[in-house]
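J.: Take this structure first; my questions come after.
Where a number appears in this text, it was derived from the coordinates with a stated rule and is not lab data. As the structure is a prediction and not an experimental result, all values here were calculated from the model. Virtual Cβ from ideal backbone geometry, glycine too; neighbours counted across all protein chains shown.
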Amino acid sequence: MLGSLSLLAATPFAFRSFSPSPNNNRFLSSAINHQIAKQLATESGRGSQKLLRRHVFPVYRRVSYGSPISAVMTDDSSTVTTSEEDTQNIGILDIDSALRQFKDHFQYRIKKYVDQKNLFENYEGGLEEFAKGYLRFGFNREEDGIVYREWAPPAQEAQVVGDFNGWDGSNHKMEKNEFGVWSIKIPDSEGNPAIPHNSRVKFRFKHGDGVWVDRMPAWIKYATVDPTRFGAPYDGVHWDPPPSERYEFKYPRPPKPKAPRIYEAHVGMSSSEPRINSYREFADDVLPRIQANNYNTVQLMAVMEHSYYASFGYHVTNFFSVSSRSGTPEDLKYLIDKAHSLGLRVLMDVVHSHASNNVTDGLNGFDVGQSSQESYFHTGERGYHKLWDSRLFNYGNWEVLRFLLSNLRWWLEEFKFDGFRFDGVTSMLYHHHGINMPFTGDYNEYFSDATDVDAVVYLMLANSLINSILPDATVIAEDVSGMPGLGRPVSEGGIGFDYRLAMAIPDKWIDYLKNKNDEEWSMTDLSCSLTNRRYTEKCISYAESHDQSIVGDKTIAFFLMDKEMYSGMSCLTDASPTIDRGIALHKMIHFITMALGGEGYLNFMGNEFGHPEWIDFPREGNGWSYEKCRRQWTLVDTDHLRYKFMNAFDRAMNALDDKFSFLSSTKQIVSCTDEENKVIVFERGDLVFVFNFHSENTYDGYKVGCDLPGKYRVALDSDAWEFGGHGRVGHDVDHFTSPEGIPGVPETNFNNRPNSFKVLSPARTCVVYYKVDESVEETNGINVISVSETLEMDASKQKNAEESAILVDHGDKENPQETNDRDTASFDEELQKDGAKQENIEEPAASVLDKKIVGSKLDEPQVEEMEERTPDD
């Protein structure tokens, strides 16, 4: 488990492999360390501290800093050694006292982290210098030539081959040093590089069996494939464009937002046409849509090269290469710069949890049966993920750390990404990779011999590096386990992520949509699921992402409306009960997820307007079709279709946070979960949110609690006409509060709130109220308007911004293919039946469904405990 402890005795040198212990000692060391870790996790209070000192660490001098981690973090230029006593001050244990029983575990991993940073300092010039491996490994320009270096310890002989030498490497043999690094310098020819820009190259080596093989250079910066050959392997491409062809960034990075509102996107499937889209088309056509909907962050999937398109980018073959399907590295730089010009930050979906199993064009090709210390991956079962059919990194290996840490710096500095979403973190954190592990929240599940401490230390190093290079970076972990401390700073003993994805929330919604009718929805269960996150550890909430849309499942909109989306989305006819319910719940589900589920919000491309059906990449099973591997923007662009209503509400949700910054507020109080009336009331910041999930009942005079006294008005109303609603809530009504009970005595208040006011709450609606600053109104005569009114005023501006980005595909309006319930012709064909000749579209009638109005709610408080979360900013 912890075989890399042998690294403590090593004396590495720059750009050399770090494998200090003989193989015959490595397994013994690993076995001993495995037992140590097991005991550390279970022997709290029973002499385990002595065990820690006796078996693992020598006694070092005490340093003057309060914490060994903060010492390393605050002065990377110094060599820091620490003692066992230095690890006593672990900030995360003060935040959560229940973690104190695992103090030995935290001390152990902190010690490994600090010692690893010290080794980098002593032998590589520090962590930041260590992470510049791409300037030395792979192909790089040096004086009067190109130098190529590759770490391949098992190779017996090696050559570099390519177009430049006719794929004959006899004159380009490489030399190997004692640490398994092969190198060659290829002098310029007549003042020109011997290897031309954009020419193909490969690493050819002979392994122990005497067999010569060609492999993709591990650090290659671009890779392409012959599109005319089915199943052809990728070729490495030497990418070194002349200055005239290099993209130069023009715009600075936007400042870090108080709360990220993330638009998750896949460039390849972002076209409305059944084909792979390009980086430049995405930049010009899709980014303006994202900006128009008031997102502040774009998260790009499938950026790293992956030979299998249907892997969604998660089976990476070339870690330093931009996916060539959508363009060149310069094209991706154009996209990111364009995003920055629009005020959008760009995160990259980075995959360091595993690597493609491909041999001919992937990193796995360097594994020819050698030991784990001479490979990127673990050997045997530990090096293979049986569910993903992929290889697993050895995070305790010096050169693996160089490769992965340098990879992060490469994307930050070369392409100006603003941060990362780390994929598959759960698989990294545990030896069982989360397989068949139903995490219950028992802390013993997180801190035991099942924890991969090498991987934990790598993530601590990665976050330390990212923050030192780009202090305003945003780093998100995809973790389903709920590992305590994952979202706390490394300086406190945490792993260092800014946010974790709230992955249980979409599962909850799918469960409700699949298995419960509307009357069975529990307000308490929904509220608890949305607020169930660790104190001081921030979350990104989402109702659905790409995971919920892949083949075999459906988008939330399609769950709600299914086959009626083929024929019932036209505004030319009254909405059916299914469509009316579907659009209303689509808005409510996404909004309550945003407002109550985390400190940031994520939406997957197209779901903002209720994109129907599912995602299915081209594959043999669907005849290699792109039909369901695209985004049908024409649905939201067609003015007589109801998709525009969901899109408008998505825009308004984001605008509400822009205006009131409720996502970043530490004030979150659920005051009411009314099971009988299906109502949830909560405060986020100084806004009051009222969600009525009842299928029929409209409540006139429904009493809601609030914190601050004064006058309240509507800030956002899902029932507004512009959002496809029925316009039942008046936006010009002032709601005045009444005091409740004894000030400062919550049990005497209404729902534990010191004030209250009454509202109209129609069925299947959500309405947000803001407190009017009356002094501003009186002094300056300023009319504070709602988000809905603001958006209505700016409608023409928004429309122009969108139109500048839209390429409308009208398609063939004749003889549309008939469809069945699901696997049918495209929506473009079906919806064109509804008559695009409409000139003046009337608003949907408010009387589509008969509603029952219920009298004023009784003043007695509901039996509901007030929940207050104070996440750390």
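J.: With each pseudo-label sitting 7 Å past Cα toward Cβ, what's the SER738-VAL359 distance in nm, one decimal?
T.: So the label points at SER738 and VAL359 sit 7.9 nm apart.
J.: How high is the relative contact order of the stretch 378-498, in percent, counting Cα pairs under 8 Å that sit 6 or more residues apart? Let's see the in-between values first.
T.: Details: 136 pairs, mean separation 29.9, N = 121.
For the stretch 378-498, the relative contact order is 25 percent.
J.: Same structure, new question: Could you check the simple spin-label distance between MET437 and SER170, using points 7 Å along Cα→Cβ, in nm with one decimal?
T.: With each label placed 7 Å out from Cα toward Cβ, I get 5.4 nm.
J.: Checking the a/c ratio against 1.5 first, then a/b against b/c, what shape does the Cα gyration tensor give for the stretch 505-774?
T.: Because a/c hits 1.5 or more and a/b exceeds b/c, the stretch 505-774 counts as prolate.
J.: Now, a different point. Read phi for every residue in the stretch 392-398 and hand back ³J(HN,Hα) as whole Hz from Karplus 6.51 cos²θ - 1.76 cosθ + 1.60, θ = phi - 60°, with x for Gly and Pro.
T.: Computed from phi, the couplings for the stretch 392-398 are 10, 5, 8, 6, x, 8, 4 Hz.
J.: Going 7 Å from the Cα of LEU708 toward and past its Cβ, which residues in the stretch 676-692 have a backbone nitrogen under 11 Å from where you end up?
T.: Residues 685-688 qualify, since their backbone N sits under 11 Å from the label point.
J.: Could you grab the relative contact order for the stretch 505-774? Cα pairs under 8 Å, six or more apart, rounded to a whole percent.
T.: 18
J.: Relative contact order for the stretch 135-238: what percent, with Cα pairs under 8 Å and sequence separation of 6 or more?
T.: 27
J.: Once phi is turned into ³J(HN,Hα) by the Karplus curve 6.51 cos²θ - 1.76 cosθ + 1.60 with θ = phi - 60°, what whole-Hz value does each residue of the stretch 309-326 show in order, with x for glycine and proline?
T.: In residue order, the calculated couplings are 4, 6, 6, 6, x, 9, 9, 6, 9, 10, 6, 9, 9, 6, 4, 6, 4, 9 Hz.
J.: Also, I was wondering about something else. Take the alpha carbon gyration tensor of the stretch 727-778, find the square roots of its eigenvalues, order them as a ≥ b ≥ c, and report rounded if a/c is under 1.5; if not, report prolate when a/b exceeds b/c, else oblate. Please list the in-between numbers first.
T.: Numbers: a/c = 3.07, a/b = 1.34, b/c = 2.30.
It comes out oblate by the Cα gyration axes.
J.: If the limit is 25 Å between Cα atoms, which of LYS258/LYS338; LYS516/LYS628; LYS416/LYS508; LYS338/LYS667; LYS587/LYS667 go over it?
T.: Values: LYS258/LYS338 22 Å; LYS516/LYS628 28 Å; LYS416/LYS508 36 Å; LYS338/LYS667 35 Å; LYS587/LYS667 23 Å.
Over 25 Å Cα-Cα: LYS516/LYS628; LYS416/LYS508; LYS338/LYS667.
J.: Another one. List every residue whose amide H lies under 5 Å from the amide H of ASN394, counting only residues 5 or more places away in sequence or on a different chain, with H placed 1.01 Å from N in the peptide plane.
T.: PHE377, HIS378
J.: Would you please classify the overall shape of the stretch 135-238 from the alpha carbon gyration tensor, given that a ≥ b ≥ c denote the square roots of the eigenvalues, rounded means a/c under 1.5, and beyond that prolate means a/b larger than b/c while oblate covers the rest?
T.: Oblate, since a/c reaches 1.5 and b/c is not below a/b.
J.: Can I ask one more? Which residues' amide hydrogens lie under 5 Å from the amide hydrogen of ARG345, considering only partners 5 or more residues apart or on another chain, with H built in the peptide plane?
T.: Distant-sequence amide H within range of ARG345: THR297, VAL298.
J.: Still on this model: In whole Hz, with x marking every Gly and Pro, tabulate ³J(HN,Hα) for the stretch 332-339 from phi via Karplus 6.51 cos²θ - 1.76 cosθ + 1.60, θ = phi - 60°.
T.: Coupling constants for the stretch 332-339: 5, 4, 4, 4, 5, 5, 5, 4 Hz.
J.: Taking amide hydrogens as modeled 1.01 Å from N in the peptide plane, which residues meet the under 5 Å criterion relative to ILE550, leaving out close sequence neighbours?
T.: ILE615
J.: Around SER278, under 13 Å between beta carbons, what's the net of Lys plus Arg minus Asp minus Glu among the other residues?
T.: So the surrounding residues net to -2.
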